[in-house]
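The values are calculated or read from the model by the stated rules, or taken from the named source; none is laboratory data. Treat the numbers as computed from the prediction; the structure is a model and nothing was measured. Backbone-built Cβ (ideal geometry, glycine too); neighbour counts: all protein chains shown. Calculation scope for accessible area: heavy atoms of the full protein, side chains included, ligands and nucleic acids excluded. Shrake-Rupley method; radii C 1.70, N 1.55, O 1.52, S 1.80 Å.
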Amino acid sequence: MEFLPLSAPATTPARVLTIAGSDSGGGAGIQADMRTFALLGVHACVAVTAVTVQNTLGVSGFHEIPADTVAGQITAVVPDIGITAAKTGMLASAQIITQVATTWRDLDLAIPLVVDPVSASMHGDALLAPSALDALRDSLFPLATLVTPNLHEVRLLVDIDVVDAESQRAAARALHALGPRWVLVKGGHLPSAQFSPDLLYDGNDFREFPGLRVSTTDDHGAGDTLAAATTAALAHGLPLPEAVAFGKRWVTECLRAAYPLGHGHGPVSPLFRLWA
Ligand code: PXL
């Protein structure tokens, strides 16, 4: 696999920020982001939004962090540390989404923001209050450089059932109308046995990333890992379509390297980068 053009930084590496929830099982959320960020050579700052209680069998609950504490984490690190790209994952509630959007707007940053509109775990456990969908659409999407919904999230956000290439395009158009600069409609849940086609749209052109499907049930954290790798690539200065292409290759390799864990679904793994 072709990797990012990394050379050792003279002193401080590129910095990114993840605004996301903690996964006690270590496979998704902040933990997935940090694994990928470290292996892609970026320093990661964290604004924790929620602490989930979960293992490989599912999420049994979560504790939401107060919205002003989430905003406080962002305003504490951004001007001090200086970040070159950011991503959001689990945001839990409308209050947190609204505060994150207000904080982001107030900081007036000209850096990419990748919004992964996490709504549920792979087991179907809710990670976002249904009442928060309006906040996501109205306040955060217009600030996003890229949004990365899976097909379940597409249905919740724009009420379109993606079943083929044509409906995937319709969904991309509807999502783009909500204000993000780019939309990536992920095809991981499409019925194809061979491919997992993701569709990128900027309001004018469509670009498909066919991606070979990796057959595994150990795919916990795949969406987070794709968004994190794309964010890291943006922090390294890649243009958006190349960053998405890199993210897609990265998550495919992480799916190939996924391992069984516990009694349920194991995580995708970027640890392959460490082995000879
Ligand atoms: O993979 C989405 C996700 C994001 N963030 C947290 C999660 C999950 C899925 O379980 O637990 C904290």
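Using beta carbons and a limit of 9 Å, which pairs, at least six apart or on different chains, have the first residue in segment 255-268 and over 16 Å from THR225 (Cα atoms) and the second one small (Gly, Ala, Ser) and crowded, with 23+ Cβ neighbours inside 10 Å?
Within 9 Å, the pairs are LEU261/GLY25; LEU261/GLY27; GLY262/GLY25; GLY264/GLY25.
Does segment 22-56 hold any residues that are aliphatic (A, V, I, L, M) and under 23 Å from PRO66 (Cβ atoms), and which are they?
Scanning segment 22-56 gives ALA28, ILE30, MET34, ALA44, VAL46, ALA47, VAL48, ALA50, VAL51, VAL53.
Residues checked against (1) at pLDDT below 95; (2) open to solvent by 40 Å² or more (accessible area, probe 1.4 Å); (3) more than 10 Å from the ligand (Cβ to nearest atom):
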{"position": "ALA8", "(1), (2), (3)": "yes, yes, yes"}
{"position": "ILE19", "(1), (2), (3)": "no, no, yes"}
{"position": "ASN55", "(1), (2), (3)": "no, yes, yes"}
{"position": "ASP80", "(1), (2), (3)": "no, yes, yes"}
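Six or more apart or on different chains, Cβ under 7 Å: which pairs go from a residue in segment 111-125 that's of a type in the set (Gly, Ala, Ser) to one that's more than 13 Å from the ligand (Cβ to nearest atom)? Could you list them?
Pairs found: SER119/LEU156.
Among ILE83, ILE74, ILE111, which is the only one that is in contact with a Phe, Trp or Tyr (Cβ under 8 Å, 6 or more places away or on another chain) and over 28 Å from ARG155 (Cα atoms)?
ILE74
Write out, first by first residue and then by second, each pair whose Cβ atoms fall under 8 Å of each other, whose residues are 6+ apart or on separate chains, and whose first residue, in segment 134-157, is within 12 Å of GLY223 (Cα to Cα) and touching a residue at least 60 places away in the same chain (Cβ under 8 Å) while the second is crowded, with 24+ Cβ neighbours inside 10 Å and among the basic types (Lys, Arg).
Note: pairs meeting the criteria are THR148/LYS186; ASN150/LYS186.
Please verify whether segment 164-172 includes one or more residues that are within 28 Å of ALA101 (Cα to Cα) and either among the β-branched types (Val, Ile, Thr) or open to solvent by 20 Å² or more (accessible area, probe 1.4 Å) (or both).
Yes, because at least one residue in segment 164-172 is within 28 Å of ALA101 (Cα to Cα) and either among the β-branched types (Val, Ile, Thr) or open to solvent by 20 Å² or more (accessible area, probe 1.4 Å) (or both).
Can you give me the number of residues within segment 121-174 that are in a helix (DSSP H, G or I) and more than 21 Å from THR52 (Cα to Cα)?
Result for segment 121-174: 25.
Being closer than 16 Å to PRO13 by Cα and not in a helix (DSSP H, G or I) is the filter; apply it to segment 72-98 and report the residue that is nearest to the chain's Cα centre (by Cα).
Per the criteria, the residue is ALA86.
What tally of residues in segment 23-52 results from selecting those that are on the phi < 0 side of the Ramachandran plot, more than 10 Å from the ligand (Cβ to nearest atom) and open to solvent by 30 Å² or more (accessible area, probe 1.4 Å)?
The total comes to 6.
Going by what's in this entry, would VAL118 be described as within 16 Å of the ligand (Cβ to nearest atom), surrounded by 22 or more Cβ atoms within 10 Å (Cβ to Cβ) and in a helix (DSSP H, G or I)?
Here the answer is no, as VAL118 does not meet what is asked.
Determine if segment 146-153 includes at least one residue that is open to solvent by less than 10 Å² (accessible area, probe 1.4 Å) and among the β-branched types (Val, Ile, Thr).
Yes: segment 146-153 contains one or more residues that are open to solvent by less than 10 Å² (accessible area, probe 1.4 Å) and among the β-branched types (Val, Ile, Thr).
I'd like the full set of residues that are open to solvent by less than 20 Å² (accessible area, probe 1.4 Å) and either within 16 Å of the ligand (Cβ to nearest atom) or of a type in the set (Gly, Ala, Ser) (or both), limited to segment 221-244.
GLY221, THR225, LEU226, ALA227, ALA228, ALA229, THR230, THR231, ALA232, ALA233, ALA235, ALA243, listed by residue number.
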